[in-house]
Amino acid sequence: MKRKSLSSCNVSLGLLFTAVILKAVESAKGKYAHMLFNELFEDYSNALRPVEDTDKVLNVTLQITLSQIKDMDERNQILSAYLWIRQSWYDAYLKWDKDKYDGLDSIRIPSNLVWRPDIVLYNKADDDFSEPVNTNVVLRYDGKITWDAPAITKSSCVVDVSYFPFDSQQCNLTFGSWTYNGNQVDIINSLDSGDLSDFVEDVEWEIHGMPAVKNVITYGCCSEPYPDVTFTLILKRKSSFYIFNLLLPCILISFLAPLGFYLPADSGEKVSLGVTVLLALTVFQLMVAEIMPPSENVPLIGKYYIATMTMITASTALTIIIMNLHHCGSEAKPVPQWARVVILDYMSKIFFVYDVGENCTSPKREKEEECRLEGDDGCQRKHKEVRSSLSNRNDDCSLREKLNGNLNKSYGVHGENVRETVNCCSCYKMLIKNIEYIANCVRDHKANRAKGIEWKKVAKVMDRFFMWIFFIMVFFMSVLIIGKAA
């Protein structure tokens with residue numbers, strides 16, 4: 001027990017001794033840091049470029065770390081990003097011997113005390129021209145200064161929305177000195193690309209790279225070269241949101257347009273369906289127009305909307321024409337012979353169009369067929385029988401009139417029997433005329449009705465024909481937009 005207590009006491013004393021030494025070291029370093037700071041900045045000026053020879057170029061190493069994409073404004077073509085900007089350079093007047101200051105190799109001081117390169121974002125699109133964040137810089141004993149500063153940048157970006165919502169964008173971030181030329185301050189890439197290790201995933205965009213390229217440009221105003229570093233941010237849009245909210249509803253609505261041809265003409269809803277679908281697509285088109293910039297490049301989904309709206313307009317116009325054919329009555333001309341052959345004989349069989357009032361689910365009944373045949377041929381047969389019997393009676397009447405006339409001449413017989421015979425014959429003649437008039441009226445009515453039925457069948461065949469044509473068009477347009485996106 002005594003040994004354990006002694007060992008625990010030794011450990012406690014050791015820890016206490018170590019803490020005292022560290023505190024003494026820190027206080028000593030703090031003392032040397034104040035001494036170093038006073039000696040370094042006694043005659044230092046941050047207004048001039050810190051080089052011993054004015055003809056010597058000062059190299060500034062630049063590194064960009066992308067932390068987050070805050071916003072991508074396609075309409076105004078502005079990219080908002082959260083960056084960490086690291087700049088490092090050597091100051092010839094801020095060096096010391098670390099052995100004289102108890103091994104102190106670096107200090108952290110406010111950045112406004114030292115000279116800083118005026119590197120700015122060339123393609124900045126922000127109205128705020130405030131100074132960079134005044135963070136501390138790390139100053140090393142060999143004169144190397146490292147300045148890490150966060151920044152929220154708004155840069156101009158040329159947005160190409162031709163393949164929206166399956167588009168990719170390339171936005172440039174160009175950094176360079178605003179006043180120093182390449183003979184005074186040169187910019188060097190720290191890496192071949194921007195640092196994406198700390199990037200926070202965005203809900204709308206995927207990052208496919210951020211390559212960096214150094215450019216040396218000679219402007220027309222000056223003969224000196226001006227270097228800059230351009231970071232190209234390669235973005236790929238995540239299209240799931242737009243597929244489920246803009247594209248898929250349009251495809252489903254566009255498939256409703258051909259169904260307007262399948263509606264019965266007597267329902268009165270054929271034109272209403274086409275107009276309703278057209279208005280629905282117009283609403284979606286306005287939603288896309290509010291997002292996209294007003295440029296000449298029409299987005300892919302906008303082209304699909306325009307093509308679908310054109311198709312629906314054409315289908316509505318064709319529906320109106322077909323309804324006029326359906327409502328052709330007895331006053332219309334007969335169906336032309338070519339239409340009988342092409343539409344009624346061939347196309348009706350291809351598209352399985354039956355007579356008006358029939359469909360493929362209700363087969364023809366034998367009784368209805370017999371009634372129809374009986375209505376056509378049986379009526380004529382009965383009419384012939386009635387007409388033959390009346391004609392026989394008419395012949396009998398004429399024969400009786402002749403016999404009665406001969407009897408009257410030979411015997412001079414006059415009486416009631418002769419009068420009744422003459423009255424009966426005159427009734428039969430009037431009855432024949434009335435029946436012939438009724439038969440002619442029924443025949444004309446059937447002919448006119450058959451003419452209207454033929455026009456209705458022509459309209460029905462044309463409805464089925466255009467329905468399949470527009471279904472194929474909608475299908476191929478949907479496949480085409482998906483193929484272009486891929």
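The values are calculated or read from the model by the stated rules, or taken from the named source; none is laboratory data. No experiment lies behind these values; they were computed from the predicted model shown. Positions of Cβ are backbone-derived with ideal geometry, glycine not excepted, and every protein chain shown enters the neighbour counts. When the accessible area is computed, the model is the full protein with side chains, heavy atoms only, and any ligands, DNA or RNA have been set aside. Shrake-Rupley method; radii C 1.70, N 1.55, O 1.52, S 1.80 Å.
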Taking the Cα centre as origin and putting +1 on Lys and Arg beta-carbons and -1 on Asp and Glu beta-carbons, what dipole magnitude results for region 119-231, to the nearest 20 debye?
500
Ranking request for peptides 45-58, 274-287: highest mean number of other beta-carbon atoms within 10 Å first, then the rest in descending order.
274-287, 45-58
Can you give the charge dipole size of region 168-268 about its Cα centre, rounded to the nearest 20 debye, using +1 on the beta carbon of Lys and Arg and -1 on the beta carbon of Asp and Glu?
300
Magnitude of the charge dipole, region 30-237, Cβ model with Lys/Arg +1 and Asp/Glu -1, debye to 20
160
Accessible-area composition of region 30-237, carbon plus sulfur, in percent [1.4 Å probe]
47
Which of F37, F231, F466 is most accessible, then next, and so on - probe 1.4 Å
F37, F466, F231
Order by accessible surface, 1.4 Å probe, largest leading, for residues Y242, Y82, Y219 comes to Y219, Y82, Y242
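When the Kirkwood radius is taken over all Cα pairs of region 30-237, what Stokes-Einstein diffusion coefficient follows at 20 °C and 1.002 mPa s, in µm²/s?
D, rounded to a whole number, is 114 µm²/s.
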Output for region 179-289 (equivalent-ellipsoid semi-axes, sqrt of 5λ from the C-alpha gyration tensor, Å, descending) is 57, 18, 9
Expressed in angstrom and rounded, the centroid-to-centroid distance over alpha carbons for region 246-280 and region 108-164 is 56
